[in-house]
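This report refers to the structure that appears directly beneath it.
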Amino acid sequence: MRTTTRRTHGVRRALTGALLAGLTLLTSAGAAVADDPSASASPAGDEAGPTEAGTTFRTATALKPDQTGTAQASTGDYLYWVFPADAGQRPTVEATVKLPENAARRSTSTWQIDVYDGLRRRQACMYGHQTRKAAADAATVELSCVLRPVRAWSEPWANDPLPGSYYVRLTVVDLPADELGLPVGAEVKATVKEQGGAHDVDGALSDPLVPGVSVASAGDTGDAGASAAPRVPSAGEPEDGWASGWWTDRWLWTVGGGVLAALAAVFGYSLTRGRGRPARVPQGI
């Protein structure tokens with residue numbers, strides 16, 4: 001009787017230890033993936049950014065994640081930059097406008113930053129200061145826009161952000177006509193943050209929303225010599241390519257959850273199976 005009880009307690013302790021070990025392993029694995037610096041698309045942290053901006057979507061200046069672009073322009077100009085954002089990432093755009101000298105300004109001005117996806121659909125900001133007024137004596141004005149996490153796939157009728165190029169447009173939207181044309185300086189920085197498997201969905205786009213990607217793919221498949229040459233990433237495309245779309249940290253949680261469920265089932269069975277044949281019952285019965 002005592003031997004059976006000891007064995008039962010030993011099984012319980014072993015299963016409890018395995019359960020805790022599995023839970024610890026799962027938690028540490030998830031945290032490691034979330035904190036892995038290699039998962040963040042920020043290859044250009046120390047590179048010098050571009051010193052000019054485009055004036056249309058077609059001439060937008062390419063920015064790498066975590067790269068700061070600068071430009072000298074005039075009030076009233078439309079300034080454009082483009083950067084890549086992949087599935088599972090949440091883009092954030094920050095802009096700083098250096099206003100003209102106070103002696104040249106007499107009125108307040110309103111500045112605005114807009115972000116468009118590869119289909120040139122304007123994307124709403126989750127939060128931030130997308131539009132701001134600058135007083136006549138202000139030296140700078142700071143703007144920001146935090147987009148929704150990029151989805152790997154979406155319904156045709158939805159306006160969800162999808163993998164591809166994202167265009168940033170900076171301009172003044174309210175200023176007297178006699179103050180247009182004054183010199184200003186602009187700084188724009190785009191960052192992306194990995195959101196993990198919580199925002200993963202089933203399905204993926206056949207091609208990211210990058211202008212000209214389908215034409216380039218058709219040209220590569222049609223010309224054997226061109227396909228052998230090294231491929232240069234286009235504007236608004238990551239240097240290391242787009243995500244394959246099949247691997248996410250949800251696999252870790254799925255496998256870990258299965259292991260924990262199996263351990264819990266074994267532990268529950270050990271609690272409910274009973275202590276076996278009582279010692280007072282003869283063997284022949």
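Annotations for the structure displayed:
- Remark on T61: its backbone amide H falls under 5 Å from those of G54, Y80, W81, V82, a criterion applied only to residues 5 or more positions apart or on other chains, H modelled at 1.01 Å from N.
- Whole-Hz Karplus values for segment 168-182 come out as 10, 10, 10, 6, 8, 10, 8, 7, x, 4, 6, 10, 6, x, 5 Hz, taken residue by residue from phi with 6.51 cos²θ - 1.76 cosθ + 1.60 and θ = phi - 60°; glycine and proline positions read x.
- Sites T56 and H129, calculated FRET efficiency, Cβ-Cβ separation with R0 22 Å, nearest 0.05: 0.30
- Computed about the Cα centre, the dipole magnitude for segment 51-138 is approximately 260 debye when only Lys and Arg (+1) and Asp and Glu (-1) carry charge, each at its Cβ.
- Computed label-point distance, nm, for sites A48 and Q195 using a 7 Å Cα→Cβ extension: 3.6
- Length-normalised contact order for segment 64-159 - Cα pairs under 8 Å, 6+ apart - percent: 34
- Residues in segment 258-266 carry Karplus couplings, in order, of x, 5, 5, 5, 5, 5, 5, 5, 5 Hz; the curve used is 6.51 cos²θ - 1.76 cosθ + 1.60 with θ = phi - 60°, and Gly or Pro positions show x.
- Computed FRET value (nearest 0.05) for R121 with V266, which takes r as the C-beta separation and R₀ as 35 Å: 0.10
Bear in mind these aren't lab numbers, they're just calculated from the coordinates by the rules spelled out. All figures in this text were calculated on a predicted structure; none of them were measured in a lab. Heads up, the Cβs are rebuilt from the backbone with ideal geometry, glycines too, and the neighbour counts pull from every protein chain shown.
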